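Trainee: One structure, as structure tokens, below. Some questions next.
Values quoted throughout were computed directly from the atomic coordinates according to the rules given, and no laboratory measurement underlies them. In this text, all values refer to a predicted model and were calculated from it rather than measured experimentally. FYI the Cβ positions are ideal-geometry reconstructions off the backbone, even for glycines, and counts take in every protein chain you see.
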Amino acid sequence: MKNPATHDAQPASELITKRIADLGDWRGETLARMRKLIKAAVPDVVEEWKWMGTPVWSRNGILCTGESYKDKVKLTFAKGASLKDPTHLFNSSLDGNVRRAIDIFEGGEVDEAAFKALVLEAVALNGTGK
């Protein structure tokens, strides 16, 4: 019998869908909207479930994670410091040498075209092996 604390039998995409449903408020809607944009930008993106319950989107390495907190949804780009961000989507974790994040608060909007461009840039960076 499987340990009910593990999620090995359930695909990551189902766990992410469940997380979105379980949030049941603006955070779930926001996470669903950002997930849809990621999948639109990178149709063959790999969805993963890591670190005891964090949605992760990957392609040749991690692109970004989607964390939900009481007051925000945080999309952390693993190599965000190396990405060009001409529209200044990154508004969190700006001091680090590697990661950058986008914090989305209730009622907050994200420039969809700029976000998809950022995701595609992350894919390109992962493809270089840097």
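Trainee: Could you please find all residues in the stretch 28-45 being under 15 Å from THR17 (Cα atoms) and charged (D, E, K, R)?
Mentor: Once the filter is applied, which keeps residues that are under 15 Å from THR17 (Cα atoms) and charged (D, E, K, R), the stretch 28-45 yields GLU29, ARG33, ARG35, LYS36, LYS39.
Trainee: Hey, ASN60 hits all of (1) part of a loop (DSSP other than H, G, I, E, B); (2) without any contact (Cβ under 8 Å) to a residue 24 or more places away in the chain; (3) over 24 Å from ILE20 (Cβ atoms) but one; which does it fall short on?
Mentor: ASN60 satisfies all of (1) part of a loop (DSSP other than H, G, I, E, B); (2) without any contact (Cβ under 8 Å) to a residue 24 or more places away in the chain; (3) over 24 Å from ILE20 (Cβ atoms) except (2).
Trainee: How many residues, within the stretch 64-114, are more than 13 Å from the chain's Cα centre (by Cα) and of a type in the set (Gly, Ala, Ser)?
Mentor: Selection size over the stretch 64-114: 9.
Trainee: Of the conditions (1) under 21 Å from SER13 (Cα atoms); (2) in contact with a Phe, Trp or Tyr (Cβ under 6 Å, 6 or more places away or on another chain), LYS72 fails just one. Which one is it?
Mentor: So LYS72 meets the others, but not (1).
Trainee: Now for a different question. Out of the stretch 65-107, which residues are in contact (Cβ under 8 Å) with a residue 60 or more places away in the chain and either assigned to a helix (DSSP H, G or I) or not β-branched (Val, Ile, Thr) (or both)?
Mentor: GLU106, GLY107
Trainee: Then there's this: Considering the stretch 36-57 alone, what residues qualify as being within 13 Å of the chain's Cα centre (by Cα) and of a type in the set (D, E, K, R)?
Mentor: Selection gives LYS36, LYS39, GLU47, GLU48, LYS50.
Trainee: Now a separate question. Which of the residues belonging to the stretch 63-103 are over 27 Å from LYS18 (Cα atoms) and loosely packed, with under 14 Cβ neighbours inside 10 Å?
Mentor: Matches in the stretch 63-103: LYS84, PRO86, THR87, HIS88, LEU94, ASP95, GLY96, ASN97, VAL98.
Trainee: Then there's this: How many residues are in contact with a helix residue (DSSP H, G or I) (Cβ under 7 Å, 6 or more places away or on another chain) and part of a strand (DSSP E or B) if we restrict to the stretch 38-57?
Mentor: 5
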